[in-house]
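Presented below is the structure to which this report refers.
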Amino acid sequence: MSTDSTSRTLRPMHRIPLPENGPPRLTTLATGTPVWLVTRYADVRQVLMDPRFNRKSLTEADAPPLLVVPNLLDSPDGLINQDGPPHQLLRGTVQRAFTPRAIARWRPWTASVVETLLDDLAGQPQPADIVEGFTRRLPVSVISRLMGLEHADWERIRDWADHALSGGAHSAEEVGAAMREFGLFCAQLVAERRKEPGDDLVSALVVAGDGLGIEEPRLIVLVLGLVVAGHETTMTALANIVVHLLTDGRQAWPGLAESQEAAETAVEQLLRTIPLSEGRVLPGLIRRAVEEVEVGGVTIPAGAVVAVQTNAANRDPDVFPQPDQTDLFAPLTTPSVVFGAGPHHCLGAWLARLELGLALHRLAVRFPGLRAEFTPETIEWREGQMTRGPLRLPVSW
């Protein structure tokens, strides 16, 4: 992972340029594979929801290469690479734990975690690093409790997760070695919970998986994927949101403290307008046409690779007028596609919303005078991953 901030100055994620909205157009992946780039809101939703675009064919023998260095998203056993009944069966083992009603039961406990972390932050000498003290610790604490990993070595898990979603920071050999270690850890975890089940998500997955006859490799990769996805994207989103709110979006800070509802509305707008990744094509948002399909007036041939750019779609001016003049406290009139759409819609969407809403509201209440001891130009960035976020953010109050 690169931590060199002197070689070039990167823009904060809320300032990065996005591909222009328009009809599907041909471009090329880093591997040289031709790909149809889809940027308009309606077109993105069509690709994500139309079964004529699938994931499984991307892992078949005739599929063109998508990544220069393989990572977790390449695994044919992964949930994201299943379609139809196999996907529904595997997803069904975990989906019940992430419904809005199920997540609502976690609200009191998550709120208590937020308060504890903010107590700890308040006791730090100033300036304090809000990344290490809050934005990184919150998602790890929540997913640890959900999966029964409170006593796990999270420094090691975070290193594995960096490799699992590597976007060029590691060699193929390094990624392979880390994924084998991570896989062995998850295999042992599954075996332990099968022998002594608890009230955690891993135990529930093992019981459900065994009852449904889900193959062990798929169960292990499912657990691995949940560990990674359960903390990485929320951690990155929260830190990038803090960068925006303490710099260009400072005027919104008092409004976050007014009510939990106001903060939750703002979360939807912030997620829509602050990308997790730069202009690159994310492997998880790639599909393959299994037959000829028309999208946005363009014919996509059978066998073609298609990539949706959800960041651009979330700022489509035909759907979200004045995308660069967003009122954070105005409810969305059209759902964003920040969590995708269709059968592969992000399982953890409601958990992420819960964590982010509680985090921003209570942070603004507890630290009304929170101020940045950094500038956009001095931020050190975590690079070489599928997503980009700050390594540290010194703040005072």
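The values are calculated or read from the model by the stated rules, or taken from the named source; none is laboratory data. Everything numeric here is computed off the predicted structure, so don't read it as measured data. All Cβ positions, glycine included, derive from the backbone under ideal geometry; neighbour counts span all protein chains shown. Calculation scope for accessible area: heavy atoms of the full protein, side chains included, ligands and nucleic acids excluded. Shrake-Rupley method; radii C 1.70, N 1.55, O 1.52, S 1.80 Å.
Worth pointing out:
- Measuring spread by the Cα atoms of the stretch 227-364 yields a radius of gyration and Dmax of 16.6, 52 Å.
- Separation of the stretch 86-128 and the stretch 235-283, taken as the distance between their Cα centroids, equals 17 angstrom.
- Max-minus-min Cα coordinates of the stretch 210-308 on each principal axis give 50, 46, 23 Å, with the largest extent listed first.
- Most mobile listed residue (196, 261, 115) in the chain, GNM with C-alpha springs under 10 Å: 196
- Calculated P(r) tail over 41 Å for the chain, as whole % of Cα pairs: 11
- Taking the Cα centre of the stretch 316-397 as origin and assigning +1 to Lys and Arg Cβ atoms and -1 to Asp and Glu Cβ atoms, the resulting dipole is close to 460 debye.
- When the Cα positions of 350, 241, 33 are compared along the charge dipole of the chain, 350 comes out farthest toward the positive end, with charges on each C-beta of Lys, Arg, Asp and Glu.
- Each peptide in 286-294, 102-110 was scored by the mean count of other Cβ atoms within 10 Å over its residues; highest first, the order is 286-294, 102-110.
- Solvent exposure of the stretch 1-129 as accessible area per residue, Å², 1.4 Å probe: 52
- Surface share of carbon and sulfur [accessible, 1.4 angstrom probe, percent] for the chain: 53
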